[in-house]
Amino acid sequence: MIRQNPMEGILQEAAVLENRYVRKWRHGGGMVVGYTCVATPVEILEAEGVLPYRVRALGAPDTEVADAHLSRFNCSFCRSCLHLGLTGAYDFLDGMIETNGCDHLRGMIENWNYVKDFTFFHYLKVPHIVDQDSMSFFEEELRLYKEAVEKRFGKTLTEEDLWEQIRTQDRIRENLHKIYQLREQENPAVTGAEALMIFLLATAIPSRDLEPILEKIVEDRKDHAFAGVRARLLLGGAATDEIDFVKEIESLGAMVVTDTLCYGARAFRPRPAGNTERDPINVLARAYLGELLCPRMFGDFQSRERFLFDAVKRAKVDGVVLVHNKFCDIHGVDNVALRMSLEKAGIPVLQIEKEYGAKADLGRMRTRFQAFLERIEERHG
Amino acid sequence: MFAGIDVGSLTAEALVIHEGRIVGSEIISVLPNPVDSARVVMDALLSRKGLTWKDLKYTISTGYGREKIQHYGLAQETLSEISCHGSGAHTLDPEVRTIIDIGGQDAKVIKLDAKGGLDDFVMNNKCAAGTGHFLEAMSRALGVGLEDLGPLAMKAKKPIAMSNRCTIYVETEVIHYLQRGASRQDVAGGITMAMADRVVALARRIGPKNKIMITGGVAKNKAVKAALEKALGVKIAYPSLDPQLIGAYGAAVYAARKGGST
Amino acid sequence: MVKKSAGLFNRLSSRLILVDLLPAPVVAKAGPFLASLKVGPPEIHSALAGLFSPQAGEAAAPFIKMIAKWVVNARKAAGRGKKVILVPFNFPTELIHAFESAEPLTSEVLSTLAASCLVGQGEEYWDMAMAMGMPDHLCSANTIELGSMLGCKDFSPQAIISSAPGGCDVNAKMHEFVAHHLDIPHFFLQKPPDDTGRGRKQYGVYLKSLIKKLEAFLGEALREDKLRSVLEKANRCTELHYELFDLQKAVPCPVPNIFSLFLYGTRFTMWGTDEGIKTLEAMVQVSKRRLAEKAYPARREVARCVWAYTSYYWDFLGFFNWMEEQGYSHLGDGLDLYFPSPVDTSTMDSMIEGLAGSAWNMPMTRQVGAESMSKAWTEDMIYAAKNLKADCVIYCGHHSCKQTWSVVSILRSELQRRLGIPLLILQGDSWIKRMTPISVLQQEIDEFVKNVVLNKSRPKRSIKKRRQKKLEAQAAS
């Protein structure tokens, strides 16, 4: 049974788009720029004194306004985000950094821009392959991104500015990593839903507010333990910022002890320590492209597979749930390959396709989750 | 006594077992509230057998609304309909390794291991094609009762291949072929083939293994069973119990296991 | 226990071997004859009747012979010490033709041949992919062929090149899955979404790197003279492409509807070969003759339609021919918009640079691999619609094409705003008939033309003019 959550006040902010930290930031004259993909180095925006905000829909089900622009064959996560964007929920953004994360995201941004025209817009072009040629191109891309931000917001960034933010993000990543360790330990101290809320908050508030919060969570939960976990699960797959979805799984007595989500573990992998002798842009390029574990990357399936299996082993997972939002081809196909690898290794896996943000779908999902847990329990005898 | 309650989208079933034997069972059409359905179907069964709720040592609920049924104290535990169908079919026939369950509004394919434990499963509960709903819509288009569709299809000499998968377009095709003078038997045969194709496509996702059993209301349609056998190339077993009761039976079997069978 | 099928490629190639062996005049006579017999399943009849229709004329035989040669070359490759490289349609096959030790095969063309010409129309191979747990929102264009590779003991290529990263996620992912699952070497040509010189330059870097990898894989250096020979033929194909484009501008359109398919069928398979040239020359001949004779399949040309992306390939008669019979000219679709340029064949560097340009402009890469999908696609559509004097644009609505679906609303707005022409949005699957029947598509096209297109082209008459006409009519009587 999940005990009363002492962090509830803090984590409630994760369940809203314009949380109080963003409001306070803006009230103080701060600018906020949205971004859509983990391949976006937030250090550059932070160094510029701009709050980077990862676009999310938080399971919002309405898409009617977006449906007039995107189609019903497009991922409903993107439609939900676009609906929020076009109906004013994202009016607190002062600009957008687009990345070519996937075809649906590209379509979402194009329509958003066409209808509403961002006051500041920059397209960060991320290669699909990691090799020498792509890395050089991406490094140059980061310089262009930096120049665009400097031009718009007025501050020329020094190397030290960037190093400082790299160090800050390293600390944040280290704390997120510690929180994940608390999740993955034998008696988890953080639930899957909580971890997702923490991550959502972490990508929506200034670092100076985030750092003490993360430290507090680590301190608060170091002696915590949830007992009576029916099964330890890993949740992998498509963009899932739906807190309710994770809660639904955990309400059946399972615990999502780890994940390979991009609103999750994939977004803050420990990276090689910054070497002050090297160019910080070079360091960012290697971190953000070189360590980008996403099915949009090609020729790199083994890395994603290894990341998944490492997590399964480390967190002593009983079963893996691989999810993709309907029409997400990149996860839809990758999940099949991952499922086959897991089955070959004898690890129970549930591969499911779902509608994003659809409450009706939760009921259908519940039956599948329950059956999957029953299967795991039977296995354990 | 141990009991299983299965509340589906169209019917609700209750079944009681004692010392491994079925004491009685009941099937009703569902009421709007699943808790009411559970109460009414079990009351009817208990009353018929001269039993009371107190005689039930352990009850498991399954199907839609199973958690509400447990919450209102009518069952001690819930179990997914997948596990229940698996358990029910395997108890009736320990050689069964795959169950094809086609209900009014969904279809499932369940794979079991040698011990009858759940190995894998796949469900379709979003698309009408491949469910009882599809057959209902087609029998209306054909102008026959649902219960007559199967016998009509069995008389098909040259079943007509339907080219579409979507229920709406298949309905259009049915009307089109009837207008062109095709016999109702051959059209009915085509409908069952289309149904079987859809279900086999679902089954292939988990690689069905012999022995296969068919359960659920649609199992009573002999033509669908025959079409499935043709598509899969194997004979499919028919349960020795009413196929609509397999879920409730499996729940009761689990209840007996859980509650300590005598 | 589930019935195993013979593979797509094996089935196709075993039929096309005979076509490859037969002389062209025999094929030219046999095709229409077989079509007239109306034997076999309806899909076979539709394919034959469409391919060998009177409209296609003497271009049908060279086209089908070219396809046969392309398939049979791949089938016999191993025996000839060659490797077969599978590519998606947006890869310029002339690069592969320039290697002595390689033959190209194109996934989407194989799927199209299955969807149109094989009994069962390739659906069983799609089902095989679905049986592995693939989501049903994948693209049948490649999943039909790739499903066969996954689900049958079918022919397998020795390598796969994927030029879809950056242009199409679903295409790229499915090819990647197959390469991984079957353990086939996989090479990439990714498209940076950068339309500036910088992006174009980077693309050239990627292509050069790919060529090096292919050379290492094949154990063969790309020879300048061989590349020149292929690209000179490709240049001839380019000339013929523009001859056809110019012919399409005539009213009524003298270029048969099905030539849209023949054109990109050539581009995606045998561009830069003698067979490709022969096919295009025959298409130009047929069109020129039709222009000279002012011949048109219907009583008159009712509507000129540019198709925004793909067409429908599982019922040639019901689609290409039916449209022509109604007087609806199909002026080509998005796959015809690859804007070839003659390649400077003077040096190795200029040729590789030219190849990069060709690859950059391949359909899908050019439009939805661009920095702005909506802008690039709209510009190409406006160019085509304007130059070809289109009355309307029709979007086939292939369900899996997420990029075009995501920006078709912008295309519609821009077409209306800039050209005043309407866009019809259909929904279907270009390669599988199960989604939307042809009768429904025909009905929608018909209603669109009659109620929207024709109303727009009818000029509004003023009251003064109406009165004048009435007076004239009275005076005449």
Residue that is within 12 Å of another protein chain (Cβ to nearest Cβ) and at pLDDT 95 or above, where the choices are C:Ser413, C:Ser430:
C:Ser413
Do we find a residue being over 22 Å from A:Glu150 (Cα atoms) and within 18 Å of the chain's Cα centre (by Cα) anywhere in segment A:46-53?
no
Looking at A:Val130, A:Val126, A:Val190, which is the one that is outside any helix (DSSP H, G or I), free of Cβ contacts under 8 Å to residues at least 40 places away in the same chain and either buried (at least 20 other Cβ atoms within 10 Å of the Cβ) or not aromatic (Phe, Trp, Tyr) (or both)?
A:Val190
Test for A:Leu182: is it under 18 Å from the mean Cα position of the chain (by Cα) and among the hydrophobic types (A, V, I, L, M, F, W, C)
no
Would you check if C:Glu293 is touching a Pro at 6+ places or on another chain (Cβ under 8 Å) and surrounded by fewer than 19 Cβ atoms within 10 Å (Cβ to Cβ)?
no
Hey, does segment C:89-101 have a residue that's within 14 Å of chain B (Cβ to nearest Cβ), closer than 30 Å to C:Gly31 by Cβ and acidic (Asp, Glu)?
no
Of everything in segment A:352-364, what is more than 9 Å from chain B (Cβ to nearest Cβ) and surrounded by fewer than 20 Cβ atoms within 10 Å (Cβ to Cβ)? Give them in sequence order.
A:Ile352, A:Ala358, A:Lys359, A:Ala360, A:Leu362
By residue number, the members of segment C:178-203 that are part of a helix (DSSP H, G or I) and among the hydroxyl-bearing types (Ser, Thr, Tyr) are C:Tyr203
Being touching a strand residue (DSSP E or B) at 6+ places or on another chain (Cβ under 7 Å), part of a helix (DSSP H, G or I) and either modelled with pLDDT of 90 or more or buried (at least 24 other Cβ atoms within 10 Å of the Cβ) (or both) is the requirement here; does A:Ile249 meet it?
yes
Sole residue being over 25 Å from C:Trp70 (Cα atoms) and not in a loop (DSSP other than H, G, I, E, B), chosen from C:Tyr206, C:Tyr264
C:Tyr206
In segment C:388-404, the residues that are assigned to a strand (DSSP E or B) and either in contact with a His (Cβ under 8 Å, 6 or more places away or on another chain) or within 10 Å of another protein chain (Cβ to nearest Cβ) (or both):
C:His398
Filtering strands (runs of 3 or more DSSP E) wholly in segment B:58-166 for at least 2 residues that are surrounded by 17 or more Cβ atoms within 10 Å (Cβ to Cβ) and away from every other protein chain (no Cβ under 11 Å) gives B:58-63, B:98-102, B:107-112
So if I check each of A:Glu378, A:Glu343, A:Glu374, which one is among the charged types (D, E, K, R), without any contact (Cβ under 8 Å) to a residue 12 or more places away in the chain, more than 8 Å from every other protein chain (Cβ to nearest Cβ) and part of a helix (DSSP H, G or I)?
A:Glu343
Qualifying positions in segment C:20-45 - touching a Gly at 6+ places or on another chain (Cβ under 9 Å) and not in a loop (DSSP other than H, G, I, E, B):
C:Leu34, C:Ala35, C:Glu43
Selected residue (criterion: surrounded by the fewest Cβ atoms within 10 Å (Cβ to Cβ)) from residues of segment A:313-351 that are within 19 Å of the chain's Cα centre (by Cα) and among the aliphatic types (A, V, I, L, M):
A:Ile330
Counting only helices (runs of 4 or more DSSP H) entirely within segment A:1-110, those with at least 2 residues that are more than 14 Å from chain C (Cβ to nearest Cβ) and out of contact with any helix residue (DSSP H, G or I) (no Cβ under 8 Å at 6 or more places or on another chain) are A:8-12, A:20-27
For residues that are in a helix (DSSP H, G or I) and either among the aliphatic types (A, V, I, L, M) or touching a strand residue (DSSP E or B) at 6+ places or on another chain (Cβ under 6 Å) (or both), tally how many sit in segment C:58-89.
12
Within segment C:374-387, take every residue that is buried (at least 24 other Cβ atoms within 10 Å of the Cβ) and within 14 Å of chain A (Cβ to nearest Cβ) and give me the one that is farthest from the chain's Cα centre (by Cα).
C:Ser374
Selection status of C:Leu48, assigned to a helix (DSSP H, G or I) and away from every other protein chain (no Cβ under 13 Å):
yes
Only one residue in C:Glu94, C:Glu108, C:Glu103 is in contact with a Gly (Cβ under 6 Å, 6 or more places away or on another chain) and buried (at least 22 other Cβ atoms within 10 Å of the Cβ), so which one is that?
C:Glu94
Hey, does segment B:243-261 have a residue that's surrounded by fewer than 16 Cβ atoms within 10 Å (Cβ to Cβ), over 28 Å from B:Ser9 (Cα atoms) and more than 12 Å from chain C (Cβ to nearest Cβ)?
yes
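Scan segment A:94-123 residue by residue and report those that are aliphatic (A, V, I, L, M) and surrounded by fewer than 23 Cβ atoms within 10 Å (Cβ to Cβ).
Passing the criteria: only A:Val115.
Among the listed residues A:Val32, A:Val55, A:Val42, A:Val50, identify the single one that is in contact with a Gly (Cβ under 7 Å, 6 or more places away or on another chain), closer than 27 Å to A:Tyr288 by Cβ and among the β-branched types (Val, Ile, Thr).
Matching residue, one of A:Val32, A:Val55, A:Val42, A:Val50: A:Val55.
If I go through segment A:131-151 residue by residue, how many of them are in contact with a Ser or Thr (Cβ under 9 Å, 6 or more places away or on another chain) and within 13 Å of chain C (Cβ to nearest Cβ)?
The qualifying residues number 4.
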Hey, can you tell me all the residues within segment A:111-123 that are part of a helix (DSSP H, G or I) and either of a type outside the set (D, E, K, R) or under 23 Å from the mean Cα position of the chain (by Cα) (or both)?
A:Asn111, A:Trp112, A:Asn113, A:Tyr114, A:Val115
Can you confirm whether segment A:290-300 contains a residue that is crowded, with 21+ Cβ neighbours inside 10 Å, within 18 Å of the chain's Cα centre (by Cα) and not in a loop (DSSP other than H, G, I, E, B)?
no
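Determine whether segment B:200-222 contains at least one residue that is within 12 Å of another protein chain (Cβ to nearest Cβ), in contact with a Phe, Trp or Tyr (Cβ under 8 Å, 6 or more places away or on another chain), surrounded by fewer than 23 Cβ atoms within 10 Å (Cβ to Cβ) and not in a helix (DSSP H, G or I).
Yes, some residue in segment B:200-222 is within 12 Å of another protein chain (Cβ to nearest Cβ), in contact with a Phe, Trp or Tyr (Cβ under 8 Å, 6 or more places away or on another chain), surrounded by fewer than 23 Cβ atoms within 10 Å (Cβ to Cβ) and not in a helix (DSSP H, G or I).
Here are A:Ala239, A:Ala227, A:Ala267, A:Ala189: which of them is at pLDDT 95 or above and among the aliphatic types (A, V, I, L, M)?
A:Ala189
The values are calculated or read from the model by the stated rules, or taken from the named source; none is laboratory data. Just so we're clear, the structure is a prediction, and the values are computed from it rather than from any experiment. Here Cβ is always computed from backbone atoms with ideal geometry, including for glycine, and neighbour counts include all displayed protein chains.
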